[in-house]
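Data first, discussion second: the structure below is written as structure tokens.
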Amino acid sequence: MFAQKVFSNIFGKIFIFIMLLITVYPIVWLILSSFKNPSEFSNPMYALPSGVHFQNYIDAWTIGNMGTYFQNSIFVTFPSLFLILMFGAATAFAIEKMKWKLNNTILLVFLGGIMIPMQIVLLPLFTIYHQTGLLNNLLGLIIVYIAFGLPLTIFLFTGYYKTLPNELIEAAIMDGANIYQIFFKISIPLIINSFVSIALVQFFFVWNDLIFAMTFISDSELRTIQTGLINFTGEYGQREWGGPTFASISLAIIPTLILYLILNKLVMKGMTSGAVKG
Amino acid sequence: MQSVLRDKKAIMIFILPALLIFLSAVLIPTVWSIGYSFFEGSPIRGFTFIGFENYVNIFSDRQFLSSFWLSIKYAGLVTTGQVFLGLILAIFYVLVLKRFSVIIRTLIFFPIVLPAVAVAQLFSKIFEITPQLGLVNSLLSSLNLDMWVQAWLGNGDTAFWVIVVMDIWRSMGFYAVLLYAGLIDIPEDVIEAARIDGANGLKLSRFVIIPMIKPILISAIIFSLNGTLKVFESVVALTNGGPGTSTSTLTLYMYHSAFAYNEYGYGSTVAVFLLILCLMVTLLIYRYSRQNID
């Protein structure tokens, strides 16, 4: 039995080590390759770069237009996130803490949205956007990101509001606070940690989206990172398949990587709580 | 005091923005799309009402049937891979690494946060053959396994497996953390007691650990199926359904019939099928899990 235990211990460690290697190595390889100079691509792909050829990043940023795509992604992501959080928190607050008849019905309406595949809204929205001038308009993207971000956000916020004691709200009412003060000054500060983890989950959803960005934006000046990247490796990448392509892929993952390095605990908590409860 | 919490105007102000956006960009378009599925045509050509014709035709459409089958196969394989590898990892986190697993958990988790498009571009570099042998091919070549050097993405079968491997790679660490959270809730003395009774490794997992985390295992499977049936970005970015239509899943088929061929009615019919599929999977597994828990 002791031998068996030692064996499963060693086997387990080897297994985890291999998994770790498989997970981390491709990213390390990507970033190393992004620093290779053009002549080095005649060496085998697993060879290490001889130096730091930063020009790849400059090329990707300027000639490859990654700079513009970055800007567009930022213009879309932050307003979307802000409004998803505000609208989501307000709705969840009204559903969970205020007293009215239809609260559970409204909650169910939103929760149904979790199962709806994005594909089903594309054609009608394309028609609506075409008629209202929201095609090739970043505002159109913001609207659809808010709409699809809300169900999970409301679901998670109602969960957090459940843990908030009603006595706190009652005490505030006794002290003469109105409902808006209770929402902004009492409920939000008390669940501010959940704001951060929900914001992170929604950040990855909006920042990583491809399907809406490729459907509603065709103007190359308005492309976001994901649509730009597909295009980058498509057109420009045909000529510059070496370093600049690796640099542009690295540029697309670096923001998410940095965010994860700093806030990994909250990211893991936020993303898994969406799955367990959903 | 209750009047503050019953303030109708405040309730309206709190829920209306969310409700209006959700109705106009999710619910109404969904109903509208179901409506489209009874028509033939596009906004440019105009629409003709054809009743259930799209739904009849779809079953004799070979491209639809093969996309449908491909989506099912993909969802089955990726869900099995993600949840199974996630479970093994989670069990080893608990049994082998014990309290020191934080860094490893964090590292294996991270690919899930990367954009699917960037991951797909990375994998297309890994499995590249021209203009330069990619990582896999150059490793094979240096190990003198040149007969295995091939255009991985140029053949429908291997391209399909590259997509499967890529999506398992992306999310096994996520499922490991999800299941780990369930595992650490198992009281330590239960595992100790089973160990004293002689259960070890496989037996311990099979008879103690898995039954105890069944609810969380089932929600992981539902979550994974729900995500994998809707796979879109990984496939678009890696193969765009190619070569030919060999890796075209239901979502890609919908997209192409709607936007490349401008068949709004038919594209919507495919989308409705996707919706039904997602609802069915969720309800089916939900019911099954209920029966077993009761």
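Every number here is computed from the coordinates shown, using simple stated rules; none is lab data. Note that the coordinates shown come from a computational prediction; the quantities given were computed from them, not determined experimentally. No Cβ is skipped: glycine too gets one built from the backbone with ideal geometry, and neighbour counts run over all protein chains shown.
Residues whose amide H lies under 5 Å from that of B:F39, counting only those 5 or more places away or on a different chain, are B:I50; hydrogens are built 1.01 Å from N in the peptide plane.
With kT/(6 pi eta Rh) evaluated at 25 °C and eta = 0.890 mPa s, and Rh the Kirkwood radius from Cα pairs, the protein assembly as shown diffuses with a coefficient of 96 µm²/s according to Stokes-Einstein. Helices assigned as whole DSSP H runs in chain A whose Cα atoms extend at least 30 Å along their own long axis and whose mean Kyte-Doolittle hydropathy is 1.6 or higher are found at A:2-33, A:138-162.
What's the Cα-based Rg to Rh of chain A, Rh via Kirkwood? Rg/Rh: 1.07.
Using the structure shown, list the pairs from B:K98/B:K203; A:K36/B:K73; A:K13/A:K36 with a Cα-Cα distance above 30 Å, or answer none. As for pairs spanning more than 30 Å Cα to Cα, those are A:K36/B:K73; A:K13/A:K36. Here the alpha carbons of segment B:61-293 define both size measures, Rg and Dmax, at 20.5, 66 Å.
Model label sites at B:Y55 and A:I18, defined 7 Å from Cα along the beta-carbon direction, differ in position by 4.9 nm. As a calculated quantity, the FRET efficiency between B:M147 and B:L107 at R0 = 30 Å, using C-beta atoms, amounts to about 0.30. Got the relative contact order for chain B handy, in percent, Cα pairs under 8 Å and 6 or more residues apart? Relative CO of chain B lands at 28 percent. Listed by Cβ neighbour count within 10 Å, with the fewest neighbours leading, B:V165, B:V272 appear as B:V165, B:V272.
Across segment B:108-207, Cα-Cα pairs farther apart than 23 Å form 50% of the total. As a calculated quantity, the FRET efficiency between A:A171 and A:N104 at R0 = 30 Å, using C-beta atoms, amounts to about 0.70. Hand me the tally of lysine pairs in segment A:66-277: alpha carbons under 27 angstrom apart, and the pair either on different chains or 8 or more positions apart. For segment A:66-277, qualifying lysine pairs total 18. With neighbour counts taken as other beta-carbon atoms within 10 Å, the residues B:V162, A:V109, A:V6, B:V235 rank, fewest first, as A:V6, A:V109, B:V162, B:V235. For the pair B:F84 and B:L16, the difference between a 0.36 nm per residue extended length and the Cα-Cα distance amounts to 20.2 nm.
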